[in-house]
C-alpha cells in the first residue's frame with residue numbers, strides 16, 4: 001500500500017525536499033496520521049542536504065523520516081553528529097549488490113543473516129545472497145564458497161571484525177598501498193581524516209612516490225572558509241593518523257578542489273580522482 005517516490009534528474013536539496021514533502025499528504029481515505037517515511041542515501045548526499053539544512057523545507061524533509069539509511073561508504077562521525085544535532089535519525093547500513101543491499105544495520109546483522117571473519121575478511125551467509133555473476137562462473141567461484149556444513153558464504157573483500165554480535169568494518173582489502181614496505185589501509189586513513197573540520201567529505205587516494213614507493217594524498221572539496229590554513233588542516237590530519245595508525249601512515253599532501261568527481265550513485269569516483277592526483281603529483 002505504499003508508493004515510493006523516485007527523484008528525477010540531478011539530486012539536489014530542493015528535489016529531495018519536494019519529493020519528501022509530497023509524501024506527507026494525508027493518507028488515502030481520510031485516515032488520520034501520516035505515513036512512516038524511509039529513504040536511503042550515501043554520505044555525500046547526506047552532506048549536501050545537511051549543508052542546506054538552514055533552508056526550512058530541506059530541514060523539515062530530513063526530520064520527517066523515521067530513519068534515513070546511510071550506506072555505500074563509511075559514515076564520517078562529524079556527519080553523524082551534525083545530523084543528531086538537528087534531530088535527524090540515521091541508521092548505518094552495510095551490504096552490497098551481492099547481498100541484495102544492506103543486511104547489517106548499525107552493526108547488527110538482520111535475522112537470518114550470518115557473519116564471520118576469515119583471515120580478517122568479512123564473509124556473509126543467508127537467504128539474501130545472489131546466486132552468482134551472470135555468465136561469469138570464474139568470478140562466482142572466486143567470491144562465493146561453501147563451508148564444511150554446506151553453508152554458502154559471500155567473500156565481501158572487506159576487512160573487519162565480528163565481535164559480540166556487532167560488525168565493525170575497517171575498509172576494503174584491496175584499497176591498500178605499500179609505503180616504505182608497510183601496508184597502509186587507505187580506508188582507515190580516510191576515516192580518520194574525515195574527522196578534521198573542513199575535511200568531512202575528503203577522499204584519500206594512493207599515488208606513486210619516488211622515496212616510499214607509494215604515498216597517500218588527501219583530496220577535499222573547498223567548503224566554507226575556515227580560520228585554519230590548508231597546512232594546518234594537513235598537520236591536524238597527519239597527527240590524527242599518526243596517533244591511531246602510526247607515523248608511516250600519515251598522508252603526504254592535501255589538495256583542495258572546487259568539486260570532487262562522483263559516480264552516478266553519488267559516491268566519489270576514486271579512480272578518476274586518483275588519476276588526476278597522479279598527474280599533479
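Structure summary
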quantity: Residue ranges of strands (runs of 3 or more DSSP E) in the range 47-107 with at least 2 members farther than 19 Å from residue 4 by Cα and touching a strand residue (DSSP E or B) at 6+ places or on another chain (Cβ under 7 Å); calculated: 90-96, 101-105
quantity: Every residue from the range 234-258 that is in a loop (DSSP other than H, G, I, E, B) and surrounded by 16 or more Cβ atoms within 10 Å (Cβ to Cβ); calculated: 250, 251, 252
quantity: Residue within the range 16-29 that is buried (at least 16 other Cβ atoms within 10 Å of the Cβ) and closer than 30 Å to residue 189 by Cα present; calculated: no
quantity: Check on residue 189, farther than 26 Å from residue 140 by Cα, surrounded by 13 or more Cβ atoms within 10 Å (Cβ to Cβ) and either in contact (Cβ under 8 Å) with a residue 40 or more places away in the chain or in the same structural domain as residue 236 (by TED's automatic domain parsing) (or both); calculated: yes
quantity: Enumeration of residues in the range 130-150 that are surrounded by 11 or more Cβ atoms within 10 Å (Cβ to Cβ) and out of contact with any helix residue (DSSP H, G or I) (no Cβ under 6 Å at 6 or more places or on another chain); calculated: 136, 139, 140, 141, 142, 143, 144, 145, 147
quantity: Filter result for residue 102 (free of Cβ contacts under 8 Å to residues at least 24 places away in the same chain and either surrounded by 19 or more Cβ atoms within 10 Å (Cβ to Cβ) or outside the structural domain of residue 21 (by TED's automatic domain parsing) (or both)); calculated: no
quantity: Meets criteria (modelled with pLDDT of 95 or more and either within 22 Å of residue 247 (Cα to Cα) or touching a strand residue (DSSP E or B) at 6+ places or on another chain (Cβ under 8 Å) (or both)) for residue 113; calculated: yes
quantity: The listed residue being under 19 Å from the mean Cα position of the chain (by Cα) and not in a strand (DSSP E or B), out of 201, 158; calculated: 201
quantity: Residue in the range 259-275 that is part of a loop (DSSP other than H, G, I, E, B), free of Cβ contacts under 8 Å to residues at least 12 places away in the same chain and buried (at least 16 other Cβ atoms within 10 Å of the Cβ) present; calculated: yes
quantity: Residue under evaluation residue 177, criteria (1) within 21 Å of the chain's Cα centre (by Cα); (2) assigned to a loop (DSSP other than H, G, I, E, B), criterion not met; calculated: (2)
quantity: Of residues in the range 158-186 being within 19 Å of residue 75 (Cβ to Cβ) and surrounded by fewer than 16 Cβ atoms within 10 Å (Cβ to Cβ), the one modelled with the lowest pLDDT; calculated: 172
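The values are calculated or read from the model by the stated rules, or taken from the named source; none is laboratory data. This is a predicted model, so every value here is computed, not measured. So basically every Cβ, Gly included, is an ideal-geometry build from the backbone, and we count neighbours across all protein chains shown.
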